[in-house]
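For reference, the structure discussed in these notes is given below.
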Ligand code: XUL
Ligand code: CO
């Protein structure tokens, strides 16, 4: 039984191919800086947008045609979706997938029923993983959709909600562990606030830290050695999310002694909502040894909300890959397409076009970034720009050999600084264009 009978296995055909159902640049076996593309990207398909997204927006209901889905919350429907998902992911040659507990399995009237549903569907997921070799990049618990989470989960003012969220995470950690998940994500859903008049920020942050330590203790207890990841996001749904950006997350992580426990899952459109570029967020995380994984998508500068579009911009993927290659890849993390097809792209085939385009955009970005790096085109410029710190007074500053008094004597004797050099911004932008 095939759910995509008209779609063949998607293969690499090369840049000259005009086949929309073929890769032009993503070639799983092609080597980039010593790793094949499959291992370099570790592409993941996300369950929520791809298999649960119906295409609704604030102005109207869903538009998606998903002939296999009867729209119900039955176990049968959920199990059938697993078969659809694994056929899709296999045909796409994506090595991994990601889920929230409530994407894959129906919620229950009670927590016990929800756990039971999750177990039933997880058993099918496991079977399919074994059959296809597809791996779970990360699991996560949905601690934001159900109305009980209206005030947040770990930062809710209601202690019972904290307890419910903890139970959900406990279960989801167990299932993720059982499915061999390599990471576990905490996106802070509704962990934030709308108004400080009714909010005890200190208490909420302390609670969030307690929650993370409990999760870590439990992960150790069950032998889950996967990487914990925070996913920064500045706004949506709350006005101010606690995990605003990589810097805010790092401060929280250090403040509460979680630096050996949590890294970051950086998402493109979350970076731009925070007023940063993706490259900024990635580099900020990388230099602190906290870049764990990425959620690949893009926003729309004119719309300005979290549109979760598929990434097709080669400049964007080139910038991302410059940072990822500098780090030597993301393992055990990967590139998860937290992206959805547009509401107007309602046919199943659009799911293939979207993912193929995203994978090709990353492959192309990687090839461009690798050439820039092989030529030392940017690194030579950067090295040269800071050369004054390699010798003389700069070297002494870096080595901690001088203080303000020595620097004053140095400058009193010298009188004026060596002339500044041009930053050559336009020259460098032109140079990058030569590689694109
Ligand atoms: C929300 C978002 C989530 C997380 C997982 O903006 O990105 O889908 O990736 O909870
Ligand atoms: Co995300």
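The values are calculated or read from the model by the stated rules, or taken from the named source; none is laboratory data. It should be emphasised that the depicted structure is a prediction, and the values quoted were computed from it without experimental measurement. Cβ coordinates were reconstructed from backbone atoms using ideal geometry, including for glycine residues, and neighbour counts include every protein chain displayed.
Looking only at region 302-327, count how many residues are assigned to a loop (DSSP other than H, G, I, E, B) and either in contact (Cβ under 8 Å) with a residue 24 or more places away in the chain or within 16 Å of ligand 1 (Cβ to nearest atom) (or both).
10
Is it fair to say residue 6 is within 16 Å of ligand 1 (Cβ to nearest atom), surrounded by fewer than 16 Cβ atoms within 10 Å (Cβ to Cβ) and either in contact (Cβ under 8 Å) with a residue 12 or more places away in the chain or under 28 Å from residue 363 (Cβ atoms) (or both)?
no
Of the conditions (1) touching a strand residue (DSSP E or B) at 6+ places or on another chain (Cβ under 6 Å); (2) more than 27 Å from residue 161 (Cβ to Cβ); (3) crowded, with 20+ Cβ neighbours inside 10 Å, residue 138 fails just one. Which one is it?
(2)
Just to check your reading of the model, which residue among 173, 229, 143 is closer than 19 Å to residue 254 by Cβ, touching a residue at least 40 places away in the same chain (Cβ under 8 Å) and assigned by TED's automatic domain parsing to the domain that holds residue 44?
Answer to the check: 229.
Quick one: in region 345-386, of everything that is outside any helix (DSSP H, G or I) and under 22 Å from residue 3 (Cβ atoms), which residue is nearest to ligand 2 (Cβ to nearest atom)?
Among them, the one singled out is 345.
Give region 204-224 a look and list any residue that's away from ligand 1 (no atom under 16 Å from the Cβ) and in contact with a helix residue (DSSP H, G or I) (Cβ under 8 Å, 6 or more places away or on another chain), or say none.
Result: 205, 207, 209, 214, 218, 219, 222, 223, 224.
If the Cβ limit is 6 Å and pairs must be 6+ apart or interchain, which residue in region 412-426 that is within 15 Å of residue 377 (Cα to Cα) pairs with which residue that is surrounded by 10 or more Cβ atoms within 10 Å (Cβ to Cβ)?
Final answer for the pair search is none.
Could you tell me which residue of region 29-47 is farthest from ligand 1 (Cβ to nearest atom), considering only residues that are assigned to a strand (DSSP E or B) and under 9 Å from residue 95 (Cα atoms)?
Looking at residues that are assigned to a strand (DSSP E or B) and under 9 Å from residue 95 (Cα atoms), I get 43.
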